[in-house]
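Asker: So that we are looking at the same thing, I have put the structure below in structure tokens.
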Amino acid sequence: MSVWGKIGGAAAGFLLGGGPIGAALGALAGHAVFDREPGEDEKQLAFTMGVTALAAKMAKADGQSTDAEFHAFKRIVHIEPGFEGDVRRVYNMAHETVAGFEGYAAQLGRLFRDRPGLLEDLLDALFFVAAADGRIHDAELDYLHEVARRFGISDAAFNNLCASYGGPCDPDPYALFNIDPTASNEDLRKAYLKAVRENHPDRMMARGAPAEFLAVANEKLARINTAYEAIKKERGL
């Protein structure tokens, strides 16, 4: 079954019970996933539900939520035919208020602390949604900073993501490859090839992201290539 089918079934059950989406997702994550060691299917479900809730709440961070932001959300997470209504209900209920996002971020940070690349993928997705209306607002940037902090993402990684989406941050292309600006051209090339391998969509799936969550991998590869070309130009290569 698609992970969206699992979300739809879980959300439908809670919606019939009348609980708000924050309580619904919190109850599911707190009991179905974390009371015992979660399996990969449960982690995948928790990840996708977390993406949905954080994206919806982030879209509300600047005081309003637009169709552009939901369409951006749909671009980063492929929704199989027949499930959009379920996903839209989850999304709409989550974005009623920005309150409670810290809990989702902290919970996902703990669950995937051994997969920092996956958490960076998720933050990348949130930046994508934030930029959907043409700019990243100050309130959205504050929200993203707090999510990054709870994910344990470095300032350098945050700034690179921020700058790549047009935010007011100073990027460091070398940080994208985890090397120093004094590194040799050969070490730069090796770091670039390693970054490309590690951020291939297949590796993203291996990090635990659901198959529906692929657009972020392609965006990240494009950013890696752009950074590499910028460094090569700077070095006259």
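Values quoted throughout were computed directly from the atomic coordinates according to the rules given, and no laboratory measurement underlies them. The model shown is predicted, which means the values in this text are computed figures rather than measured ones. FYI the Cβ positions are ideal-geometry reconstructions off the backbone, even for glycines, and counts take in every protein chain you see.
Asker: Please sort 124-132, 105-113, 177-185 by packing, taking for each peptide the average over its residues of neighbouring beta carbons within 10 angstrom, highest first.
Answerer: Working: 124-132: 23.7, 105-113: 19.0, 177-185: 13.1.
The most tightly packed comes first, giving 124-132, 105-113, 177-185.
Asker: Using a simple spin-label model with points 7 Å from Cα along the Cα→Cβ vector, what separation in nm is obtained for Thr182 and Glu146?
Answerer: The answer from the label model is 4.0 nm.
Asker: Shifting gears a bit: Starting from 0 in steps of 5 Å, tell me what percent of the Cα-Cα pairs of region 110-205 lands in each bin.
Answerer: Here the calculated profile for region 110-205 is 2, 13, 21, 22, 20, 14, 6, 2, 0.
Asker: So what are the ³J(HN,Hα) numbers for region 102-109, from phi and the Karplus equation (6.51, -1.76, 1.60; θ = phi - 60°), rounded to whole Hz, Gly and Pro as x?
Answerer: Each residue's phi maps through the Karplus curve to give 4, x, 4, 5, 5, 5, 5, x Hz.
Asker: In nanometres, what is the gap between the two model label sites at Lys74 and Asp172, each 7 Å from Cα along Cα-to-Cβ?
Answerer: A separation of 4.0 nm, rounded to one decimal place.
Asker: Between Asn92 and Asp114, what length in nm is gained on full extension when 0.36 nm per residue of separation is reduced by their alpha carbon distance? Don't jump to the answer; show the numbers that get you there.
Answerer: On the way: separation 22, 0.36 × 22 = 7.92 nm, distance 3.06 nm.
Additional length available on full extension: 4.9 nm.
Asker: Ratio to report: Rg/Rh of region 79-166, with Cα atoms as the point set and Rh obtained by the Kirkwood method; give two decimals.
Answerer: Details: Rg = 13.8 Å, Rh = 14.0 Å.
Result: Rg/Rh = 0.98.
Asker: Give the calculated FRET efficiency between Ala106 and Thr66 to the nearest 0.05, with a Förster radius of 41 Å applied to their Cβ-Cβ distance.
Answerer: On the way: r = 27 Å, r/R0 = 0.66.
Computed FRET efficiency for Ala106 and Thr66 comes out at 0.90.
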